[in-house]
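Student: Let me give you the structure first, and then I'll get to my questions.
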4 protein chains.
Amino acid sequence: MADFQSIIDDIHQQIIAQKNYGEVAGYIPELSDIDPEKFGVSLITVNGVCYQAGDSQDLFSLQSIVKVLLLSMAYTRLGGRLWQRVGVEPSGTPFNSLGTLEYDQGIPRNPFSNAGAIVVCDVLLDLYENPRQALLDMVRRLADDDTIQYDPAVAASEKAEGYRNVALANFVRSLGNIHNDVDAVLALYFDCCSIAINTEQLCRLFLVFANNGQTLDEHYQLLNVSQTKRMNAIMLTCGFYDEAGDFAYQVGLPGKSGVGGGIVAVLPGHFSIAVWSPRLNEKGNSFRGLQFLEQFTTKTQLSIF
Amino acid sequence: MADFQSIIDDIHQQIIAQKNYGEVAGYIPELSDIDPEKFGVSLITVNGVCYQAGDSQDLFSLQSIVKVLLLSMAYTRLGGRLWQRVGVEPSGTPFNSLGTLEYDQGIPRNPFSNAGAIVVCDVLLDLYENPRQALLDMVRRLADDDTIQYDPAVAASEKAEGYRNVALANFVRSLGNIHNDVDAVLALYFDCCSIAINTEQLCRLFLVFANNGQTLDEHYQLLNVSQTKRMNAIMLTCGFYDEAGDFAYQVGLPGKSGVGGGIVAVLPGHFSIAVWSPRLNEKGNSFRGLQFLEQFTTKTQLSIF
Amino acid sequence: MADFQSIIDDIHQQIIAQKNYGEVAGYIPELSDIDPEKFGVSLITVNGVCYQAGDSQDLFSLQSIVKVLLLSMAYTRLGGRLWQRVGVEPSGTPFNSLGTLEYDQGIPRNPFSNAGAIVVCDVLLDLYENPRQALLDMVRRLADDDTIQYDPAVAASEKAEGYRNVALANFVRSLGNIHNDVDAVLALYFDCCSIAINTEQLCRLFLVFANNGQTLDEHYQLLNVSQTKRMNAIMLTCGFYDEAGDFAYQVGLPGKSGVGGGIVAVLPGHFSIAVWSPRLNEKGNSFRGLQFLEQFTTKTQLSIF
Amino acid sequence: MADFQSIIDDIHQQIIAQKNYGEVAGYIPELSDIDPEKFGVSLITVNGVCYQAGDSQDLFSLQSIVKVLLLSMAYTRLGGRLWQRVGVEPSGTPFNSLGTLEYDQGIPRNPFSNAGAIVVCDVLLDLYENPRQALLDMVRRLADDDTIQYDPAVAASEKAEGYRNVALANFVRSLGNIHNDVDAVLALYFDCCSIAINTEQLCRLFLVFANNGQTLDEHYQLLNVSQTKRMNAIMLTCGFYDEAGDFAYQVGLPGKSGVGGGIVAVLPGHFSIAVWSPRLNEKGNSFRGLQFLEQFTTKTQLSIF
């Protein structure tokens, strides 16, 4: 492997020297207070070596990145039966679009659209007695860090303004693909999105997807090898909304972004990497996060392709 | 590496023993005459070892698979400027859909939709003096086989019945993203799709995408390493129309299918593999071809994820 | 004028002798209990002569027909400024579709789609201190009948199952075209739809649209002549969802239908006519109601065209 | 009836005194040479009295207005069977949109979209030995004027640049709703659109729709009373593309516009009126034409509503 630390430092400094672009997510009031110039990077190899740069210890909001964890929780229990409720196809539309649902009878195209993740939350309410606690337990175990917490202020902020998600959930309910109380499903969804995390915790959390589904220390098997590969495939094709193709093209790693400004990606068999910078491009993905990852995989020539 | 020959033979026999499903492409009259039970497989490693099974020497029509080659021809000449004319995002719609074009001002979502490939043909007419000959030269060189030919009967058959493609081309022209004579663009497109090939030739042809852009014997560099990775990324996200997500999920390799019943895929750094069976599923991809590749990557656990 | 009573009787009997088709609206539980074979007709001329047949004294649920009254209440106060909030174009889509909203930035195509009527309710909450009471007052005054009431059981039934409308309202809210509390807007909307009425009351209520905006007895001017014409125009082009063109073609009168099975129509300067039969066709319009009106205007050759 | 001449003169002068807006149709080269300030008006009553103002004797291109005549030719022969090939619903989309066709299996929403009129041309090729001549004969007979001609330069101009219409025709062909040679269908369509006419001829031509389907002098019955009403209904709901609702609302008459800048409308039982001014609004309808008609029906309070 390359000398990751110096490559990470070089790119980090080079990007900081350039103008930053984009807006901090404004539709969630709590998120719009963040310092827009924060910029942290962490990388952990499957051998457990960790590299960092910048604001890697600052907490930010996990947001849509949690969709990968919600999906894992449902997938380990249901296996392929899960795909009767949600597809695995890129949608070609923004993350909060209602357009295709009307033609697809309420089956969201993929689990990383908001509609898809909300359906997964509905599934989790049937599968777990206390899915909120089960998710937090899983996150803490995978990240090996018991300090990780939900952020009730962020969740409350989203609940108060989340009209689009209320619309999506009720629309899917009207089409028959949500079975539990819509408010309960949405409460779970907003809570899960609110987890506060830093880049080090985040890449530790996702290392399991680079390590055949297993944690490093504890050898806890979250998903089997085949399931892990399939999770990575869905991240690659659907992880960046209508910018998924571009991310695969520019970066070439399975990954997932959130409107909190975080992006996490993995090179199966090698490492996980997390980047955080709050300014988002037009598609809702971190501007500097994308910049960093593109330069990183271009310089190292490390990608799945 | 695994014992490819016995794995290929096992899966091939097992699939033949099962019921075949789907319809041979009916909209191109010349293609509908093919024996629907044909089934061939070839795999070539980057070390040049070749494995085969079934009807690997029978010719079939390349069809949409040629879109990867057309794109390569344009991309090597134009680089990133090409993306002003065509995107790299999965569309979430069938291969011959006109829907999204209306909102995207004539910029096809990706180069592997029919509209996208037709735009690429328009680009090639500006870049190459004789793009037909240039394509054939490239195909023969990559496959190291001078016997490969266009099939004029197939091309004529498509020209006579290709109303949807005529519609697509004229629609894009009306939106300003085709500059040459529409009939000339379509004639080039139909000709290119008509190339007759067998699975051995096909996987030899695509080995360049598994070998960092270079041919084995001649060390001819079609694309540089970074460009090759990017071609593979586009194949993964867009190579199977509105089944791209499912192919990534089930098979986990960059690849491309054609309505002739062929599918070719690559594991970068390792091998290319081509499968041919004429019956197509609802999405227009070879039913047995998909079955074979899914079982192959599941058994060998060889995928990019 | 023709001998309306014998024409009405003839058509009424003829239709009863034929097989009835369609389903009673099932998505509102309270409505699905109705006797599906009920069939009433009333017609009142601008001279105050009234003709009846069948179940003209049985109460049914006004449902979407109330959208015309809500629109009138907003239009009399705001005039043309109202069209900044809602359009007057037929949408070409079903009554509860979300499709076009996404492209129209939350401005519903017309006030007779559910989304459009919900926006009108939002407008009314700003214009009237107590819009619920104001609507009921207006309805009673126009129909000259103080017994007309809301049906709280129907309203509660819709509130409990109205996921699609909750989706629409929240979607429009997310796009900025609802300003009041979404739940308050929806509560008003569901209440208004629940008014219980019979065909005699209904055609009396709509006579104002046939009589230049004025009531017969009291000479109360709800709308001026020009406004009345415009209301009739909107009824004609938008009153029957994606069957508006067909209704104009078959019947040729401005009108409005509701999923309660009611249809009301007017011939300006001449009469209003109301029909009620609970079985709905695929588009959500009363099967026998449409049949009756088509035969009535064909026989009498009385239409606006 | 009102004093039409002075009302027409007043409105005509008042509009000329105001700023003109909009662009002359640019996509048909021959049309873009026209003097954009031309402005003519003609009205003829069912008693044969004719009123005129401005450039009422200048020829302009009939364009989409011919769709009403093509539809009449098909409807008189086929009756209601015609609606198996084309609908009567407003589409909510621009005149040359392909969007809804994909979901409607090639059945255009209405005969006044380009796709719809092209399908009607396909029907006419089956119904008439020489539909070109039959149309011209009908036009001359209705307008009582043998000097009316096709304009081959306009037709040629459209053929050379009509990519969108070529796309529409081939798209419908691919969906099975065109049976004749696509080029022959389009040639007929372009020719028909090219008829050169003035406002006096135009309102004489459409008087039949105000006069129960009959010509004044000759008492030639083009359509029966019921058919005539239905033609008027389709004009009202579909005659102005995605501005049909607005035209019904503002003007309140059945009518049809063309990108040549002409608009014709009728008040059944009373008169037909034709206006011509080449500058078009964003929806493709004559800016001054709409202005004139709105003011005319507002002042006279003569509308179907």
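The values are calculated or read from the model by the stated rules, or taken from the named source; none is laboratory data. For clarity, every value in this text was computed on a predicted model and none was experimentally measured. Don't worry about glycine lacking a Cβ; one is built from the backbone with ideal geometry, like all the others, and counts go over all protein chains shown. In case anyone asks, the SASA skips ligands and DNA or RNA and just uses the protein heavy atoms, side chains included. Shrake-Rupley method; radii C 1.70, N 1.55, O 1.52, S 1.80 Å.
Student: Based on what the data block shows, is D:Thr215 β-branched (Val, Ile, Thr) and without any contact (Cβ under 8 Å) to a residue 12 or more places away in the chain?
Tutor: On the way: β-branched (Val, Ile, Thr): yes; without any contact (Cβ under 8 Å) to a residue 12 or more places away in the chain: no.
Answer is no for this residue.
Student: Limited to the stretch C:178-191, what total is found for residues that are crowded, with 22+ Cβ neighbours inside 10 Å and either touching a His at 6+ places or on another chain (Cβ under 7 Å) or outside any helix (DSSP H, G or I) (or both)?
Tutor: The qualifying residues number 1.
Student: Please work out if A:Val266 is at the interface with another protein chain (Cβ under 10 Å from one of its Cβ atoms), in contact with a Phe, Trp or Tyr (Cβ under 6 Å, 6 or more places away or on another chain) and not acidic (Asp, Glu).
Tutor: Details: at the interface with another protein chain (Cβ under 10 Å from one of its Cβ atoms): yes; in contact with a Phe, Trp or Tyr (Cβ under 6 Å, 6 or more places away or on another chain): yes; not acidic (Asp, Glu): yes.
Criteria met by A:Val266.
Student: Within the set of pairs 6+ apart or on separate chains, which have a first residue in the stretch A:237-248 that is within 7 Å of chain B (Cβ to nearest Cβ), a second that is surrounded by fewer than 24 Cβ atoms within 10 Å (Cβ to Cβ), and C-beta atoms under 7 Å apart?
Tutor: A:Asp242/A:Thr93; A:Asp242/A:Pro94; A:Asp242/A:Lys283
Student: Here's a check for you: in the stretch C:125-160, which residue that is more than 17 Å from C:Gly258 (Cβ to Cβ) and either hydroxyl-bearing (Ser, Thr, Tyr) or within 14 Å of chain A (Cβ to nearest Cβ) (or both) is least open to solvent (accessible area, probe 1.4 Å)?
Tutor: C:Tyr128
Student: To continue, here is another question. Check A:Ser61, A:Ser91, A:Ser113, A:Ser72 and return the single one that is away from chain B (no Cβ under 14 Å) and surrounded by 24 or more Cβ atoms within 10 Å (Cβ to Cβ).
Tutor: Answer to the check: A:Ser61.
Student: Any residue that is closer than 30 Å to D:Leu236 by Cα and among the charged types (D, E, K, R) - is there at least one of those in the stretch C:131-146?
Tutor: No, the stretch C:131-146 contains no residue that is closer than 30 Å to D:Leu236 by Cα and among the charged types (D, E, K, R).
Student: Taking the stated definitions as given, is B:Asn177 in contact with a Phe, Trp or Tyr (Cβ under 6 Å, 6 or more places away or on another chain) and within 14 Å of chain D (Cβ to nearest Cβ)? Outline the logic, then answer.
Tutor: Details: in contact with a Phe, Trp or Tyr (Cβ under 6 Å, 6 or more places away or on another chain): no; within 14 Å of chain D (Cβ to nearest Cβ): yes.
No: the conditions fail for B:Asn177.
Student: Moving to a separate point now. Name the residues in the stretch A:156-184 that are over 17 Å from C:Val182 (Cβ atoms) and in contact with a Cys (Cβ under 8 Å, 6 or more places away or on another chain), would you?
Tutor: Matches in the stretch A:156-184: none.
Yes or no, residue by residue, for (1) open to solvent by less than 10 Å² (accessible area, probe 1.4 Å); (2) in contact with a Phe, Trp or Tyr (Cβ under 9 Å, 6 or more places away or on another chain); (3) within 14 Å of chain C (Cβ to nearest Cβ); (4) in a loop (DSSP other than H, G, I, E, B):
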{"site": "D:His12", "(1), (2), (3), (4)": "no, yes, no, no"}
{"site": "D:Tyr21", "(1), (2), (3), (4)": "no, yes, no, yes"}
{"site": "D:Glu37", "(1), (2), (3), (4)": "no, no, no, yes"}
{"site": "D:Val41", "(1), (2), (3), (4)": "yes, yes, no, no"}
{"site": "D:Leu82", "(1), (2), (3), (4)": "yes, yes, yes, no"}
{"site": "D:Pro108", "(1), (2), (3), (4)": "yes, no, yes, yes"}
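Student: Just one of C:Gly48, C:Gly26, C:Gly54 is touching a His at 6+ places or on another chain (Cβ under 9 Å), in the same structural domain as C:Ala265 (by TED's automatic domain parsing) and more than 20 Å from D:Asp246 (Cα to Cα); which is it?
Tutor: Details: C:Gly48 fails: touching a His at 6+ places or on another chain (Cβ under 9 Å); C:Gly26 fails: touching a His at 6+ places or on another chain (Cβ under 9 Å).
The unique qualifying residue is C:Gly54.
The rows are residues; the columns are (1) under 12 Å from the mean Cα position of the chain (by Cα); (2) within 14 Å of chain B (Cβ to nearest Cβ); (3) more than 30 Å from A:Ala167 (Cα to Cα).
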| site | (1), (2), (3) |
| --- | --- |
| A:Phe190 | no, no, no |
| A:Gln201 | no, no, yes |
| A:Ala210 | no, yes, yes |
| A:Glu218 | no, no, yes |
| A:Asn224 | no, yes, yes |
